[in-house]
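S.K.: I have a structure I would like to understand better, so I am pasting it below and will then ask my questions one at a time.
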Amino acid sequence: MTEQELLDMFIQERINMLIDIFHKNQLNKSKKEDKQILQAEIFIETLPDKEKKLVENYINSLICQLALEEAFLYQHGIIDGMKILKYINKL
């Protein structure tokens, strides 16, 4: 495993931990939101196979892109934090 792969794994694990904490704190999700999600899932399930596969591929691609963006932002947040600490230590 390369150093970059290890860093990527560390970042992804930390993001997952933070997302779990976020979701635990979001207990007040409304019944309306739950109903909308259920309706969307039922709608997608009733689509013809070709359209269903298209929607599922789109959702998967979107989720993958968001995950990559989260990791990128987290990694650069760490870099920014280190830069700030170096700046503070120079004062």
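S.K.: Quick one: how many residues across the range 19-52 are part of a loop (DSSP other than H, G, I, E, B) and over 21 Å from I63 (Cα atoms)?
M.R.: Within the range 19-52, the first condition is being part of a loop (DSSP other than H, G, I, E, B), and the residues that meet it are 25-30, 46-48.
Those still in the list that are over 21 Å from I63 (Cα atoms) too: 25, 27-28, 30, 46, 48.
The number of residues fulfilling the criteria is 6.
S.K.: Are any residues in the range 1-54 more than 29 Å from Y74 (Cα to Cα), of a type in the set (A, V, I, L, M), out of contact with any Asp or Glu (no Cβ under 9 Å at 6 or more places or on another chain) and surrounded by 11 or more Cβ atoms within 10 Å (Cβ to Cβ), and if so, which ones?
M.R.: If the condition is that a residue be more than 29 Å from Y74 (Cα to Cα), of a type in the set (A, V, I, L, M), out of contact with any Asp or Glu (no Cβ under 9 Å at 6 or more places or on another chain) and surrounded by 11 or more Cβ atoms within 10 Å (Cβ to Cβ), then A40, L47, L54 are the ones that fit.
S.K.: Of the conditions (1) in contact with a helix residue (DSSP H, G or I) (Cβ under 8 Å, 6 or more places away or on another chain); (2) aliphatic (A, V, I, L, M); (3) modelled with pLDDT of 90 or more, L38 clears all except one; give me its number.
M.R.: (1)
S.K.: Name the pairs whose Cβ atoms lie under 6 Å apart, with the first residue in the range 1-23 and on the phi < 0 side of the Ramachandran plot, the second charged (D, E, K, R) and surrounded by 10 or more Cβ atoms within 10 Å (Cβ to Cβ), and 6 or more positions between them or separate chains?
M.R.: Once the first residue is on the phi < 0 side of the Ramachandran plot and sits in the range 1-23, its partners that are charged (D, E, K, R) and surrounded by 10 or more Cβ atoms within 10 Å (Cβ to Cβ) give I15/E70.
S.K.: Against the definition (part of a helix (DSSP H, G or I), open to solvent by less than 100 Å² (accessible area, probe 1.4 Å) and at negative phi), how does L85 come out, yes or no? If you could, list the steps in order and put the result at the bottom.
M.R.: Details: part of a helix (DSSP H, G or I): yes; open to solvent by less than 100 Å² (accessible area, probe 1.4 Å): no; at negative phi: yes.
So L85 does not fit the description; no.
The values are calculated or read from the model by the stated rules, or taken from the named source; none is laboratory data. In this text the structure is predicted, and so the values were computed from the model without any measurement. Glycine gets a Cβ as well: all are built from the backbone with ideal geometry, and neighbour counts include every protein chain shown. When the accessible area is computed, the model is the full protein with side chains, heavy atoms only, and any ligands, DNA or RNA have been set aside. Shrake-Rupley method; radii C 1.70, N 1.55, O 1.52, S 1.80 Å.
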